[in-house]
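Read the structure below first, then the notes.
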Amino acid sequence: MLKKLTQFYYPETIEEACKYLGKKGEKTAVVAGGTSEALRQDNSIEALVDISRVKELNYIRKDSSIYRIGATTPIQDIYKCSDLKGPSGEILKYTAGKIGSTLLRNSITAGGNLAAIFPWSDLPPVYLALDAEVVLRKGKPKRTVPVENLINERPNKFLGENEIIAEIAVPVYGKGTGTSFVKFAKTANDYSMITVATRVTLKSGKIEQARIALNAVTISPVRIKDAEKILEGQKPTSDLIAEAAAKTAEKAEIRKDFRASKEYKREVLEVLVRRSLEEALEMAKK
Ligand SMILES: Cc1cc2nc3c(=O)[nH]c(=O)nc-3n(C[C@H](O)[C@H](O)[C@H](O)COP(=O)(O)OP(=O)(O)OC[C@H]3O[C@@H](n4cnc5c(N)ncnc54)[C@H](O)[C@@H]3O)c2cc1C
């Protein structure tokens, strides 16, 4: 409950938004889609800065080898975007379509989905698998950092006082790369129990780069680098994939969850990672 909330700001530019966030003597916070407002822990907030009307934050575009997604872009726009293609575009669209209902997807924003980071957040592990970067703005000044740094340090600690997520920058991968997203939940609309996002990039018949990212089964999005190392530099074989999947299940710090036991989730995780890597490899070989 935001018992101290007395003020709502509706900035129209990034600079205006950051100015409100940095206002002295007032405890402020950003609101974008507002879908996680009920879960906000900090009851001392006095003012909310609604960035959903900042037009310069709402876009999806391709700049040479990067897909650029503005922070207030609704998830539904990602799902429906016909310009998103290839190994990066396909996984972004597919994953967006797996988030909640149409109603929710029209509200949830790309930036909010990354800033809030819940175990059930679907796009953050995809960003990890794609080696995405995030553009942060503090008024005019901006910095670009790997999404992995933001996630590992938690966005609420990583972001400066009047700093916002402005854009997610996703590398465009071409031929030789395959991606896969697997969400394991009790029903199509339920929160995920196990989320797996993988990418493999082949070069001269060998796996040049491998990414295995998880969420839901873990407390927050994470890459399993020990398993990725098993794949990199090797020829892709069934045994190698099975070994990487087993290592992922061994290394993942499985989250306690009332839906299923840790033992069950570990077994299912191994199968899902194997299938996901197989799917990514199939795409990479096309
Ligand atoms: C019933 C339900 C089911 C859901 N199911 C799923 C699901 O299956 N998969 C999934 O991925 N998500 C799901 N979500 C959405 C998820 O739980 C979050 O609510 C959502 O990702 C938050 O996005 P938002 O745009 O609404 O952010 P908000 O709720 O507006 O903000 C979330 C947090 O991020 C901060 N913030 C927002 N934007 C920025 C920015 N640009 N820069 C800095 N800080 C910012 C806010 O201050 C706040 O702390 C579900 C939500 C609901 C209500």
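The values are calculated or read from the model by the stated rules, or taken from the named source; none is laboratory data. Because the structure is a prediction, the values reported are computed rather than measured. Cβ coordinates were reconstructed from backbone atoms using ideal geometry, including for glycine residues, and neighbour counts include every protein chain displayed.
Residue-by-condition table, conditions (1) more than 13 Å from the ligand (Cβ to nearest atom); (2) touching a Pro at 6+ places or on another chain (Cβ under 6 Å); (3) part of a helix (DSSP H, G or I); (4) not assigned by TED's automatic domain parsing to the domain that holds Ile66:
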position: Lys93; (1), (2), (3), (4): yes, no, yes, no
position: Gly100; (1), (2), (3), (4): no, no, no, no
position: Phe118; (1), (2), (3), (4): no, no, no, no
position: Val126; (1), (2), (3), (4): no, no, yes, no
position: Thr144; (1), (2), (3), (4): yes, no, no, no
position: Asn149; (1), (2), (3), (4): yes, no, yes, no
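So for region 194-201 (the condition being surrounded by 14 or more Cβ atoms within 10 Å (Cβ to Cβ) and among the small types (Gly, Ala, Ser)), does at least one residue qualify? Yes; the residues of region 194-201 include at least one that is surrounded by 14 or more Cβ atoms within 10 Å (Cβ to Cβ) and among the small types (Gly, Ala, Ser). Exactly one residue among Thr6, Thr95, Thr13 is among the hydroxyl-bearing types (Ser, Thr, Tyr) and in contact with a Leu (Cβ under 7 Å, 6 or more places away or on another chain), and that residue is Thr95. For Leu128, indicate whether it is within 27 Å of Thr177 (Cβ to Cβ) and among the hydrophobic types (A, V, I, L, M, F, W, C). The answer is yes for Leu128. Of the candidates Val222, Val200, the single residue that is within 24 Å of Phe258 (Cα to Cα) and in the same structural domain as Ala246 (by TED's automatic domain parsing) is Val222. Got at least one residue in region 74-91 being near the ligand (Cβ under 9 Å from one of its atoms), crowded, with 24+ Cβ neighbours inside 10 Å and at pLDDT 95 or above? Checked region 74-91: at least one residue is near the ligand (Cβ under 9 Å from one of its atoms), crowded, with 24+ Cβ neighbours inside 10 Å and at pLDDT 95 or above. Going residue by residue through region 84-96, is there one that turns out to be over 13 Å from the mean Cα position of the chain (by Cα) and on the phi > 0 side of the Ramachandran plot? Checked against the condition, which is being over 13 Å from the mean Cα position of the chain (by Cα) and on the phi > 0 side of the Ramachandran plot, region 84-96 yields at least one hit. When Ser220 is evaluated against the numbered criteria (1) under 18 Å from the mean Cα position of the chain (by Cα); (2) among the small types (Gly, Ala, Ser); (3) closer than 19 Å to Lys93 by Cα, which criterion, by number, is the only one it fails? Just one mismatch for Ser220, condition (3).
Look at Ile108 and say whether it is touching a Pro at 6+ places or on another chain (Cβ under 8 Å), touching a residue at least 40 places away in the same chain (Cβ under 8 Å) and not polar (S, T, N, Q). Yes, satisfied.
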